[in-house]
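In what follows, a structure is listed as structure tokens, so that the remarks can point back to it.
The values are calculated or read from the model by the stated rules, or taken from the named source; none is laboratory data. Being a predicted model, the structure only gives us computed values, none of them experimental. Backbone-built Cβ (ideal geometry, glycine too); neighbour counts: all protein chains shown. To get the accessible areas, we keep the full protein, side chains included, count just its heavy atoms, and leave off ligands, DNA and RNA. Shrake-Rupley method; radii C 1.70, N 1.55, O 1.52, S 1.80 Å.
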Amino acid sequence: MRASLASPWRASLCAAACAAALSCGGGGGSAGVSSSGASQTPPSSGSVSNVASILVDAGPTGQAVNTLYTSVTVCVPGTSQCQIIDHIQVDTASFGLRILAPALTLTLPVKSAPNGNALAECMLFADGYSWGPVVSVDITIAGETASAVPVQVIGDSRYTEVPADCSSAGVTEEDTVATFGANGILGIGVFAQDCGSGCVGSPQPTSYYACTQTTCAATALALDAQVTNPVALFAADNNGTLIDLPSVPADGTTTITGSLIFGIDTRSNNASGNVTVLTLDPGNGVMSATFDGQTLGEAFIDTGSNGFYFTDASLPDCTDTGFSGFYCPASTQSLSAMLQGANGVTAPVAFAVANAQTLRTSDPGFTVQPELAGTTPISGSFDFGLPLYYGRRVFTALESQSTSVGVGPYVAF
């Protein structure tokens, strides 16, 4: 449910895309190949690390808030022609890697649709759409690698003919770093593919297309050809992820760093321990939540959203148009919700909602704001965004993958 927001902040929420899968955008950063600007080869093997550094900072425009980033190395398949791209947003509610074309210095091979034409994809968000071809890349994150991974390149100048059902479904085209707000997005949610079985049997609107230079037609697509969660393709540590972020003060801070740890119960650093496991609907990856006496059927936790997004008529909206979509109560409100997994297990979540305008004006340099919240355009939903992750170790288990505490899809903390 990403919703655009005028300067100084933009709301960043998740939206339904493909077959009820959750897909998010947002974030930002500068394109990076290395400190010298030269292409890099992936780190050599040896003691393979399953830990990638992650951080929250202001992004490329200096305006991002509660946006989680990492760096990814991509290579032309089977070669040493590689590039490190920084400020890729980490998103636990979407699936697969997407890179903004302006951030790429490599020429990557475009994959073919079943009919032999070029394969492209439309990705929808609440406020717009992103369009571009599907390419093949080798990926390295920390010491984990995956080969020939289908990845979307957003805003590729070679593919400017956007199908009408894609361009008319979103409010704006988000195909540049400035409009998308990131160099790319790394979807490490609970599913292996971004569309899944719904796209295998028949063409789906606003999904995959077979394109010539002038026209595109919707196409069905096999699972292994779809944009794929790289974690599912790792040789090891491939059953899920762990996000580990520190606690932050209630009034926020300038920046934080943490760890993205691959695998669950595969090593000593990703052991589940005593966690509460909330299983998710295997069809759409959501659970339920109880808030303000109401049961909401679409609840999810999501690093790709920069706040808590829910409906509460008692909380006033911000009056400044630059903060449209955010809540602005006169004083900070302490609230709580109860998450419930498909397995019936519950977990309470206490959170606070501060005045978004005051947060910005009081500490304009703070990119970490745990009390940021806004409205949701999806009826019956509750989006527990990145602030939920502060001070927690949150596990995301992939569908059908086993861990010591259960089989995915689930989240646990």
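At a glance:
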{"read-out": "Leading residue at positive end of dipole, the chain (Cβ point charges), from 226, 115, 270", "value": "270"}
{"read-out": "Theoretical gain in end-to-end length, residue 331 to residue 269 [0.36 nm per residue, Cα-Cα removed]", "value": "18.3 nm"}
{"read-out": "Estimated FRET transfer efficiency (residue 164, residue 407; beta-carbon r; R0 45 Å; 0.05)", "value": "0.65"}
{"read-out": "Distance in nm between pseudo-label sites at residue 257 and residue 147 (7 Å out along the Cβ direction from Cα)", "value": "3.3"}
{"read-out": "Burial order of peptide ranges 312-323, 227-238 (average beta-carbon count within 10 Å, highest first)", "value": "227-238, 312-323"}
{"read-out": "Gain on full stretching of the segment that runs from residue 284 to residue 157 - 0.36 nm per residue minus C-alpha separation", "value": "42.5 nm"}
{"read-out": "Share of carbon and sulfur in the accessible heavy-atom surface of the chain [1.4 Å probe, %]", "value": "50"}
{"read-out": "Along principal axes, Cα extents of the chain, largest first, whole Å", "value": "57, 47, 46"}
{"read-out": "Mean accessible surface per residue for the chain, computed with a 1.4 Å probe while every protein chain stays in place, in Å²", "value": "36"}
{"read-out": "The chain: antiparallel DSSP beta bridges as a percent of all, rounded to 5", "value": "85"}
{"read-out": "Calculated [θ] (222 nm, deg cm²/dmol) that DSSP helices of n ≥ 4 give over the chain, each run adding -39,500 (n - 2.57)", "value": "-1000 deg cm²/dmol"}
